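S.K.: I have a structure I would like to understand better, so I am pasting it below and will then ask my questions one at a time.
The values are calculated or read from the model by the stated rules, or taken from the named source; none is laboratory data. None of the values given here were measured: they were computed from a predicted structure. Please note: Cβ atoms are built from the backbone with ideal geometry, for glycine as well, and neighbour counts cover all protein chains shown.
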Amino acid sequence: MSGESGPSAPEFWPDIFALHIVDGQLWVQTWTVTEERGILFDVFDTKGRYVDNFYIRSMMKGEDGQPARIRMTIVGGFAYFNEETSDGLFVIRKCRLVGL
């Protein structure tokens, strides 16, 4: 209710960062990113059943020096994402996904 004071809402990240359809499966890119393992993905089948999870390592770092969350497109065994260079140019990077 407006006008009432109380504790502020806690800060949180939603669980889903991005969705990808890969080989007929739904890969859910989560907000979880760790320095040791990388970006966490959950995998679901066409009926919405949980299948597995895995991590994709990323060498990209955020401004705070921690591993970065990046928007990507996954097609044909590759991940594509854009990156800004130090001189302000935008480039599209293509990385092969190995071991999936």
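S.K.: Find the strands (runs of 3 or more DSSP E) located wholly in the chain whose residues include 1 or more that are touching a residue at least 60 places away in the same chain (Cβ under 8 Å), and list them.
M.R.: Ranges flagged: none.
S.K.: So which of TYR55, TYR80 is closer than 25 Å to GLU11 by Cα, modelled with pLDDT of 90 or more and surrounded by 11 or more Cβ atoms within 10 Å (Cβ to Cβ)?
M.R.: Only one candidate qualifies: TYR55.
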